[in-house]
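Chemist: If you scroll down you'll find the structure; I have some questions about it.
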Amino acid sequence: MPTSATGSKIGASQGSGAVRRFAEHGFTPVRRFAEHGFTLVELMVVIAIIGLLTGAVVLMMPDPRGDLRQEAERFAARARAAQDMAVIEARETALWVSADGYGFEQRDRRGWHPLTEKPFEARDWGGGQAIVGNAGRARVIFDTTGFSDPLDVTLVRDSSRVVVHIESDGTIHVGS
């Protein structure tokens, strides 16, 4: 005689009814034992959700190159420092700008020499480019009074643009 889950004896008529009730709902002891694991559809849904979450995280990450306006501010600060150096040391200091980067030079009796100490070492634009003059390269010389030739440098990265203005009176400001 079969035994129920509670341990009581089930009659022949009751036992076949219990098996029939399990079979009606799709649960037979042999079939349920074989259903351990995930279906292909369940795995595909989980993979799709992980993919969507990964995409959201990547889109929310900041640009590792930094903001273009910050790059323009750093460039303007270094240009101001070169201008101050020209006045303090009473020696002409030049700023050269190209599409790929910029650097500084100082004049002595023998001619122009590149500055290599911080913050005046040559730098690139950090993933962007600059639009400068017609030749793609320009040079501004700060004299001992801080005056210079005017220059506009337009920094471009992706769809962003920032203009740095160097005025003839030595004023340097970052525009949009």
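Every number here is computed from the coordinates shown, using simple stated rules; none is lab data. These numbers come from a predicted model, not from an experiment. Cβ placement follows ideal geometry from the backbone for every residue including glycine, while neighbour counts extend to all protein chains displayed.
Chemist: Stretch ARG110-VAL57 to full length: gain in nm at 0.36 nm per residue minus the Cα-Cα span?
Modeler: Length difference between fully extended and current span is 13.5 nm.
Chemist: Could you give the alpha-carbon Rg of region 68-174 over 2.2 N^0.38 Å, rounded to two decimals? Walk me through the numbers before you get to the answer.
Modeler: Values: Rg = 13.0 Å, N = 107, 2.2 N^0.38 = 13.0 Å.
Against the compact-globule rule of thumb, the ratio is 1.00.
Chemist: Further, regarding this structure: Output the peptides 94-106, 78-90 sorted from most to least packed, where packing is the average of other Cβ atoms within 10 Å over each peptide's residues.
Modeler: Numbers: 94-106: 19.0, 78-90: 17.2.
Ranking the peptides 94-106, 78-90 by packing returns 94-106, 78-90.
Chemist: At what distance in angstrom do the alpha carbon centres of region 88-103 and region 115-131 lie from each other?
Modeler: So the two Cα centres are separated by 10 Å.
Chemist: Let me ask something else. Measuring from label point to label point, each 7 Å out along Cα→Cβ, what is the VAL45 to SER159 span in nm?
Modeler: Output for this residue pair reads 3.7 nm.
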